[in-house]
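Data block below; observations after.
The values are calculated or read from the model by the stated rules, or taken from the named source; none is laboratory data. Here the structure is a predicted model, which means the values were calculated and not measured. Cβ: placed from backbone, ideal geometry, glycine included. Neighbour counts: every protein chain shown. Remember, those area values only see protein heavy atoms, side chains included, never the ligands or the DNA or RNA. Shrake-Rupley method; radii C 1.70, N 1.55, O 1.52, S 1.80 Å.
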Amino acid sequence: RYVVFGGEPLEFARLRGWYGRYGENGPQLVNMYGITETTVHVTVRPLERTDVSQPGSLIGRPLPHLWVRMLDEACRPVPPGEVGEICVGGAGVARGYLGRDELTAQRFIDDPVNPSAGRLYRSGDLGRLLPSGELEYLGRSDSQVKVRGYRIELGEVQAHLHEHPGVTDVAVAVRGGKRTGRQLVAYVVSDGAAPTADELRAHLASRLPAYMVPALFVPLAELPLTANGKLDRAALPDPGAFGLTAPGTGPGTHDPGPGASELMDSGSQSLAARLLAIWRDVLEIDTLGPHDSFYAVGGDSIQAIRLVGAAGGPGITVTVDQLLGQRTRAALSQLLVGPPAGDPQAAPARPRP
């Protein structure tokens, strides 16, 4: 009468085949979330055919004998809609780990909302409470990464990408060379025409802060899986194998070189060509357009200092403020060359002979 899913996040889109064959007259499909330390199931979510278009992984509502708190790193409640750690209280919560008092103290805590209600188990899982009252599972807290000084929940980025109608599966990972630092890369599976990187970037930009928007979007036919059907992160391909290194670039793209842009005069075009080799070396990027943003291709304040130092070798005088303010090679080159002849504004710093 029932088919119960548990153990791994359920992606509702994978149920299209089931409903296409059996409709809703077969066994009732149920998604449940559970934890060994709460023995065992915590939430329940009966499924319907319309759920196959639902983004994310909805795990429903707590069972009657349990309650769930969404807490931040300091064990304070987070508002509805905000990401927090799923903490479970009620009958079924274990007494602790045998012979591991320190770990027990870390994971089993007093309920900060109602200390007299009993203890909570900190699951280490991330989620958020939706306006509907349901819980959405967002992955493990150990999937939290730090990129350019910002803490980012990979599961949150993935959940918002799932909301795009052209995305059927997605994985977000961190990639980066020894010198470029770390970048977010989204691996996207689509059913039909794949959305462009610009479309996905705009979709996320309306929902997330800029630092959480991946620098690169890699289209895949399917995500690599282990023998157990879990995501094989080690097998996610290098974006460079697709020729992807920056927004607006892709397989077969190349730097247009001098004379390619009507927005750059001959002097700035020449300087842009000289800067290209420096940007490529410092940022470890092979394909780079003149209007690609320094931040979007992996640059940060540390990379800016390195780039300024490298530019001094071929005799180009540029400051960190100029680099971070202009952001693209085209704009930076025009700034260094100075305003066109007859422009009353004073010319800023120029390349040394």
Looking at this structure, is Ile109 within 27 Å of Arg151 (Cα to Cα) and modelled with pLDDT of 95 or more?
-> yes
Answer yes or no as to whether Pro314 is at pLDDT below 65, open to solvent by 30 Å² or more (accessible area, probe 1.4 Å) and either under 15 Å from Leu276 (Cα atoms) or assigned to a helix (DSSP H, G or I) (or both).
-> no
Which of the residues belonging to the range 48-69 are within 14 Å of Glu11 (Cα to Cα) and open to solvent by 70 Å² or more (accessible area, probe 1.4 Å)?
-> Glu48, Arg49, Thr50, Ser53, Gln54
Whichever residue in the range 321-334 is at pLDDT 75 or above and under 18 Å from Pro290 (Cα atoms) and, among such residues, is most open to solvent (accessible area, probe 1.4 Å) = Gln334
Sole residue being small (Gly, Ala, Ser), part of a loop (DSSP other than H, G, I, E, B) and either surrounded by 12 or more Cβ atoms within 10 Å (Cβ to Cβ) or free of Cβ contacts under 8 Å to residues at least 12 places away in the same chain (or both), chosen from Gly89, Gly96 = Gly96
Any strands (runs of 3 or more DSSP E) falling wholly within the range 126-233 and containing at least 1 residues that are surrounded by 13 or more Cβ atoms within 10 Å (Cβ to Cβ), of a type outside the set (Gly, Ala, Ser) and in contact with a Gly (Cβ under 9 Å, 6 or more places away or on another chain) = 135-140, 144-147, 150-153, 169-175, 183-189
